[in-house]
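Structure, as C-alpha cells:
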Amino acid sequence: MGYRVGVDIGGTFTDFCVFDEDSGALETLKVLSRPDQPGAEVTTGLAEITARHGVTPSAISYFTHGTTVGVNTVIQRKGAVLCLFTTENFEDVLEVARLKMPDPYDLFSTRAEPLVTRDRVFGITERILVDGSVDVPVDEASVRRAIDGVRAVGGEAVVVALLHAYRNAEHERWVASVIRAEAPELDVILASAVWPVIREYERTVTATVAGYVQPRVAQYLSALQQALSDAGVIAEAMITKSNGGVMTAEIGKTDCAQMLLSGTASGVIGAASIARGTGAPAAMSLDVGGTSADVAIIIGGQPQYGVGEMIGEFPIHIPTVSVTSIGEGGGSIAWVDGHGMLKVGPESAGSSPGPACYGKGGERATITDALVVLGFLGRAALGYSAVEMHPELARTAMAAIAVQLAMSVEAAAEAVVRVAVSGMYLEVSKLVSRRGIDPRELSLIAFGGAGPMLACWLARELSMREVVVPRVPGVLSAFGGLIADIKNDFIRTIYLDLDEAAIEPMQQGFGDLARQAMVWIRDEQGFQEDVAMFPSADIRYRGQSYEIDTPLEATWIEEGDIQAIAGTFHNLHEQVYEHADRAAKIQIINLRLVVTGQPPKPAFAPAPKASGSLVASRQVEVFHDGELHLADIHARVDMAAGHRFNGPAIITQDDCTTCVLAGFSGVVDDAGNLILTRKD
C-alpha cells in the first residue's frame with residue numbers, strides 16, 4: 001500500500017491528485033506550469049506534496065501523468081524536420097489530402113501547409129497490390145537517392161508510408177532497414193507500425209503527426225523519468241492515452257500517436273466517473289483551463305469515441321476520446337478589432353505573465369480578470385495560494401477595453417464573459433447537432449480551473465437542465481488519470497464481403513489481434529491481472545465510402561455467426577442514418593480489438609451528512625445581467641451532503657471557484673458533488 005499520484009499539466013496550472021491507499025483520503029494541489037522548463041512543475045509539485053502532506057516520493061506506488069506536449073508541438077510547429085518516403089508517383093498524398101476545405105463557407109479558406117513540405121517528400125520505386133502481393137520489388141537505389149535527399153534538406157527523421165502497407169508491411173520494413181544501415185542518425189517511423197489502416201492519406205497523415213512530435217515527446221518523457229528517479233519515486237511513470245487508457249512512459253517514447261490527446265482524454269474519463277456516480281443518463285463535460293475549453297459527450301456514463309480528431313490543423317485516425325476544443329480559457333485575452341468588435345482569444349496569457357490580476361506583469365484583460373471585476377473572483381485564495389489576486393490590476397486592464405467599447409468597466413467585463421460563452425455556445429451547438437442530441441437533456445459536468453466559473457452562463461444559454469460540479473473540479477483531469485484503465489487498440493484490414501468465405505479470415509484475424517494484445521499488456525505493460533477484450537469491426541454496405549464501427553460478441557466470431565453480425569450492423573445503420581437496406585451486400589473492412597486491464601481503483605467514502613442549515617460566511621456584491629446582486633459566499637470545505645443554497649452565490653475552494661448565478665439553486669449530493677439546477 002502507498003500513495004497513488006495523478007498529474008495533469010495545463011497551460012497555466014499543473015494539477016496533482018494524491019490518493020492514500022490506506023486511509024482513502026484524497027489530497028489535491030496546483031502549481032504554476034513551466035512552459036519555459038517542461039517537467040520542472042512535476043518536481044516542484046512533488047516537493048510541495050512532501051512539505052504539505054508528508055508524502056515521501058519513495059512511498060508513491062503509482063504515478064500517472066497527462067501531458068499536452070505532443071499537441072502543443074503540432075500547434076506551435078516546433079517538431080522534427082521531417083521527411084516522407086512514399087511509393088513513387090504518390091508524392092502528393094499530403095498535399096491532395098481529401099480535397100476538403102477547412103471552411104466551405106469561406107471563399108478565402110485554405111488548407112494548412114502539411115507538416116512535411118513537398119520538397120521533403122521522396123518517391124520510392126516499389127509497388128504492393130491491394131491483396132498484399134508484390135508487383136514491383138523495392139529498388140534499393142531509389143532508397144539511397146531518397147536518403148541523399150533527406151541529408152540535402154537537413155532532415156532529422158523519416159516517415160515511411162508506402163501504398164497498401166496495411167496489407168503487407170514487408171517493403172516498409174525493408175526500406176527502414178536500409179535507412180538504419182545507411183543513415184543511423186535518422187529516426188524512422190513506419191506508417192504500418194503507427195496505425196495499419198486502409199486509406200492512404202489517413203494512414204500517412206497519422207504517421208506524419210506521430211513522427212513530427214516523437215523527438216520532443218521522447219525527450220520530455222526521458223526528462224520526466226529522470227526527474228522522478230532523482231526525486232526518489234520508484235514507481236514506473238504511466239502516461240494517459242488519447243483513448244482514455246494509460247501506458248508506460250517508456251512505450252510512449254516510440255508510440256507517440258497514442259498519447260497526442262493525453263491531457264484532454266483524462267478529463268473526460270474523470271467526468272464520466274462523475275456522470276456514473278450521479279446517475280446522469282447523458283452528460284456533457286466542460287473542461288475549461290487557462291488556454292482552452294474542451295467539451296465531450298458522455299452517454300450512459302461512458303465517453304464517446306471516434307477517429308479523425310484534430311491535432312491542431314491535422315486529423316489523426318486512431319481511436320480517441322471525442323473532444324471538441326474551443327479557444328476560450330480563463331487566460332484568454334480580450335481585445336477589440338479594427339471594426340470596434342470585442343473578441344476573446346485565441347491568444348492566452350498562460351501562466352507567464354498570466355492574467356493581469358495575478359500581478360506577474362500581465363497587462364491585457366482576460367476572462368479571469370473579467371470575473372474579478374464582476375466580483376466573483378478575488379474573494380479567496382486561488383490555486384492553493386500559488387497566485388495572489390490583485391483586483392485593482394484587473395480593473396485597470398479591463399478599463400482599456402471599456403474605453404474602446406464606450407462602456408463602464410463592469411459592463412465591459414460582462415461583455416467579455418458573454419462573448420467567451422457565445423463562442424462556447426457555437427461550438428457546442430455544432431457538436432450536439434452532429435450527434436442529434438438535445439442539450440436540454442444533458443447534465444453539464446464542469447471542471448478545470450475555470451469550468452465551474454463559467455458553467456452557469458453556458459448552461460443558461462443552452463437551456464441545460466443541471467450543472468454538476470465535482471468535489472475536486474480543478475484537478476479532475478489528474479483524477480481521471482488515477483482511475484484510467486490500462487488500454488490499447490489493435491486493428492487489421494481484411495476487406496471482404498460478409499459471407500461464409502469471410503468466416504475463416506475473420507477468425508484468424510481476431511486470433512492474431514488477441515495474441516498481439518496479450519503480448520502488449522503482459523510483456524510491454526507488465527500487467528498480470530485479469531484482462532478484458534472487446535472485438536468490433538468496421539462494416540459498410542458495398543459501395544459506401546465510410547464504415548460504422550460495429551461491436552461484436554466473441555461467440556459470434558467463434559461460431560461464425562454472420563447473421564448476428566449482419567443484423568447488428570443493420571440495426572446500427574438504422575440508428576445512425578434512420579434507414580437500413582437489409583437485402584444489400586455487406587463488406588467488412590477492418591477488424592478491431594480493444595484490450596483493457598483494470599488496476600486497483602481509488603474508493604472514496606461518502607460525503608459527511610449535513611447537521612444543520614448552510615450559513616453564508618458573508619455577502620458581497622456581484623455584477624451580472626446588467627445589475628448588482630448580493631451573493632452569498634460559502635467555503636466548499638464547510639458544505640456537507642444535503643446542504644442547500646441559492647444563487648447568486650460564490651463557492652470557494654483551493655482548486656477553483658464556482659460562480660452560481662441568480663436563478664440557480666444548489667444542493668450537495670451524497671458524494672459531495674454540487675448539483676446546480678435552474679429554477680425555471
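The values are calculated or read from the model by the stated rules, or taken from the named source; none is laboratory data. Source: prediction; values computed, not measured. When we count neighbours, we look across all protein chains shown, and the Cβ atoms used for this are built from the backbone with ideal geometry, even at glycine. Protein only, heavy atoms only, side chains kept; ligands, DNA and RNA dropped before computing areas. Shrake-Rupley method; radii C 1.70, N 1.55, O 1.52, S 1.80 Å.
See the values below:
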{"read-out": "Simple label model, 7 Å out from Cα along Cβ direction - Lys100 to Arg522, nm", "value": "4.0 nm"}
{"read-out": "Anisotropy class of region 467-593 from Cα gyration tensor, a/c 1.5 cut", "value": "oblate"}
{"read-out": "Mean-position separation - Cα centroids, region 60-85 and region 467-491, in angstrom", "value": "20 Å"}
{"read-out": "Contact order normalised by residue count of region 486-597, Cα under 8 Å, 6+ apart, percent", "value": "48 percent"}
{"read-out": "Listed residue pairs exceeding 30 Å between alpha carbons, taken from Lys487/Lys585; Lys430/Lys601; Lys30/Lys609; Lys30/Lys241", "value": "Lys487/Lys585; Lys430/Lys601"}
{"read-out": "Magnitude of the charge dipole, region 18-77, Cβ model with Lys/Arg +1 and Asp/Glu -1, debye to 20", "value": "340 debye"}
{"read-out": "Mean Cβ count within 10 Å, highest first, over the residues of peptides 12-19, 126-133, 497-504, 324-331", "value": "12-19, 324-331, 126-133, 497-504"}
{"read-out": "Folded to 0 to 90 degrees: helix 200-231 orientation relative to the chain principal axis, Cα", "value": "60 degrees"}
{"read-out": "Placed amide H near Ala237: partners under 5 Å, 5+ positions off or other chain", "value": "Ala249"}
{"read-out": "Three principal axis lengths of region 618-678 [C-alpha, angstrom, descending]", "value": "35, 24, 18"}
{"read-out": "Computed FRET value (nearest 0.05) for Glu441 with Arg644, which takes r as the C-beta separation and R₀ as 25 Å", "value": "0.55"}
{"read-out": "Nearest-ten-degree value, helix 170-182 long axis tilted from longest Cα axis of the chain", "value": "80 degrees"}
{"read-out": "18 Å tail of the calculated P(r), region 371-432, as % of Cα pairs", "value": "48 percent"}
{"read-out": "Three-way shape label, region 91-190, alpha-carbon gyration tensor, a/c 1.5", "value": "oblate"}
{"read-out": "Accessible area, probe 1.4 Å, largest first, for residues Glu170, Glu547", "value": "Glu170, Glu547"}
{"read-out": "Prolate/oblate/rounded call for region 332-419, Cα gyration tensor, a/c under 1.5 rounded", "value": "prolate"}
{"read-out": "J(HN,Hα) series, region 361-366, from Karplus relation 6.51 cos²θ - 1.76 cosθ + 1.60, nearest Hz, glycine and proline x", "value": "x, x, 10, 9, 5, 10"}
{"read-out": "Region 388-489, Cα convex hull volume normalised per residue, Å³", "value": "167 Å³"}
{"read-out": "Cβ-derived FRET efficiency at R0 35 Å, Leu129 paired with Asn571, nearest 0.05", "value": "0.50"}
{"read-out": "Ala411/Val336 FRET efficiency (R0 22 Å; Cβ-Cβ; nearest 0.05)", "value": "0.95"}
{"read-out": "Rough spin-label spacing in nm, given labels placed 7 Å along Cα→Cβ, for Glu529 and Leu107", "value": "6.1 nm"}
{"read-out": "Linear extension gain, Arg151 paired with Arg434, 0.36 nm per residue minus alpha-carbon span", "value": "97.3 nm"}
{"read-out": "Rounded tilt (10° steps) of 503-518 against the dominant C-alpha axis of the chain", "value": "50 degrees"}
{"read-out": "Ellipticity estimate at 222 nm from DSSP helix runs (n ≥ 4, -39,500 (n - 2.57)) divided over the chain, nearest 500", "value": "-10000 deg cm²/dmol"}
{"read-out": "Burial order of peptide ranges 104-116, 581-593, 616-628 (average beta-carbon count within 10 Å, highest first)", "value": "581-593, 616-628, 104-116"}
{"read-out": "Gained length - Ala47 relative to Ala223, 0.36 nm times residue gap less alpha-carbon distance", "value": "61.7 nm"}
{"read-out": "³J(HN,Hα), Karplus 6.51/-1.76/1.60, whole Hz, each residue of region 245-259, x for Gly, Pro", "value": "x, 9, 8, 5, 4, 4, 5, x, 5, 10, 10, 5, 4, 6, 10"}
{"read-out": "Share, in percent, of DSSP beta bridges within the chain that are antiparallel, nearest 5", "value": "70 percent"}
